[in-house]
Amino acid sequence: MDTSVRTNDRVVNPVLYAGQGLRYRKLEVVLTTSIEKLGKAGETVKVAPGHFRNHLMPKLLAVPNIEKYAYLVREQRKIYQHEEEEEEVKVVKESKEDKLKEFEKAARRLDNSKLVLRRFINVEKFRLRASKEEPIELRSPITKEDIIAEVERQLSVRITPDNVHLPSPLTTFGEYEVPLRFPKSIPLPEGKVQWTLAVKIRGK
């Protein structure tokens with residue numbers, strides 16, 4: 001089948017002829033690859049002749065909407081589409097594994113770190129202490145939200161309230177082991193029965 005185009009008794013290649021379209025008339029082309037804001041690979045779209053001639057055709061991003069070109073693009077898409085789907089699934093699987101590794105890394109960092117918080121003392125209660133051994137109370141208790149904020153600021157790890165087990169606020173100076181809750185999919189370090197965060201509260 002002869003796909004050449006005759007114009008003014010001259011035989012013109014159909015690709016060149018499509019690229020010489022009139023300015024006021026858009027061309028129908030078949031995309032060979034997905035292009036943002038234009039279309040997906042294999043789709044037929046209309047573009048300005050100059051855009052096709054100067055950009056799409058030189059880079060083989062599209063071909064004229066002529067039957068033999070459109071057929072070749074469709075067949076090529078059938079061959080590679082299955083491979084692309086398999087590759088996409090594989091990437092998602094690796095992404096989940098990477099996230100799990102990041103979670104484990106963050107959990108180990110918290111377990112091996114010490115969070116230091118500086119707070120003002122409750123002056124009135126400090127003066128009324130019966131002995132030096134009596135705990136020094138804080139002016140304002142430390143809540144779960146305070147710990148979460150300081151973990152992000154000091155250790156660059158973002159956790160949620162569900163990750164911190166703190167039934168009641170911390171009200172005195174001292175050192176604490178605050179239990180942490182992480183998914184069972186994150187393995188505990190050898191010899192440990194739960195994740196913990198060391199917290200030290202001292203005066204300003």
Only listed residue being crowded, with 17+ Cβ neighbours inside 10 Å, within 27 Å of LYS96 (Cα to Cα) and of a type in the set (Val, Ile, Thr), chosen from ILE159, ILE142: ILE159
Among the residues listed as SER185, SER168, the single one being among the small types (Gly, Ala, Ser) and within 14 Å of PHE103 (Cβ to Cβ): SER185
Flag for SER113 being open to solvent by less than 50 Å² (accessible area, probe 1.4 Å), among the hydroxyl-bearing types (Ser, Thr, Tyr) and modelled with pLDDT of 80 or more: yes
Scope segment 135-165; condition among the aliphatic types (A, V, I, L, M) and within 26 Å of the chain's Cα centre (by Cα); matching residues: ILE147, ILE148, ALA149, VAL151, LEU155, VAL157, ILE159, VAL164
Every residue from segment 106-158 that is in contact (Cβ under 8 Å) with a residue 24 or more places away in the chain and either of a type in the set (Phe, Trp, Tyr) or closer than 11 Å to THR172 by Cα (or both): ARG119, PHE120, ILE121, PRO135, ILE136, GLU137, LEU138, PRO141, ILE142
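The values are calculated or read from the model by the stated rules, or taken from the named source; none is laboratory data. Bear in mind the structure is a predicted one, so any value in this text is a computation, not a measurement. Every residue, glycine as well, gets a Cβ built from its backbone with ideal geometry; the counts of neighbours run over all protein chains shown. Quick note on the areas: whole protein, heavy atoms, side chains included, nothing else; ligands and nucleic acids left out. Shrake-Rupley method; radii C 1.70, N 1.55, O 1.52, S 1.80 Å.
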